[in-house]
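Participant: Here's a structure for you.
The values are calculated or read from the model by the stated rules, or taken from the named source; none is laboratory data. Worth saying up front: this structure is predicted, and the values here are computed from it rather than measured. All Cβ positions, glycine included, derive from the backbone under ideal geometry; neighbour counts span all protein chains shown.
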Amino acid sequence: MSIARVAFAFDAGTFGVMKSLLESEGVGVLDLAYGGHVAIAGADQGYYLQVLEEDQDQAAELLQENGFGKYLVQRQA
C-alpha cells in the first residue's frame, strides 16, 4: 500500500474542506501536519492531504473540479 501526496494547504480550514470533499466521495484521506511547532522560527507550516496511490487520480480530479486546483502538488515520477 503506497501513499501519495495530492494537495497542500497552509491553513487547517482549507485542508478540512478538501478532506471533507474527498471523504464525501468515498476517498480515504490520511493527513500530515508539519512545522507547527517551528512556525515562529520562520519555517513553513501546513497540511499535506494524502491518499492511497490508487485514489490519487480521482482525488486530484475532484479537487480540480471543485476549485481547489491551486492546492494540488506535483506528482513524483
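Participant: Being at pLDDT 90 or above and either surrounded by 15 or more Cβ atoms within 10 Å (Cβ to Cβ) or touching a Ser or Thr at 6+ places or on another chain (Cβ under 6 Å) (or both), is that true of even one residue in the stretch 33-47? Break it down into steps so the answer makes sense when it comes.
Facilitator: Start the filter on the stretch 33-47 by keeping residues that are at pLDDT 90 or above, which leaves none.
No, the stretch 33-47 has no match at all.
Participant: Now a separate question. Being modelled with pLDDT under 90 and part of a strand (DSSP E or B) is the filter; apply it to the stretch 4-31 and report the residue that is farthest from E54 (Cα to Cα).
Facilitator: The residue in question is D31.
Participant: May I pose another question? Among the residues in the stretch 56-74, are any surrounded by 12 or more Cβ atoms within 10 Å (Cβ to Cβ), aliphatic (A, V, I, L, M) and modelled with pLDDT under 95?
Facilitator: Looking through the stretch 56-74, at least one residue is surrounded by 12 or more Cβ atoms within 10 Å (Cβ to Cβ), aliphatic (A, V, I, L, M) and modelled with pLDDT under 95.
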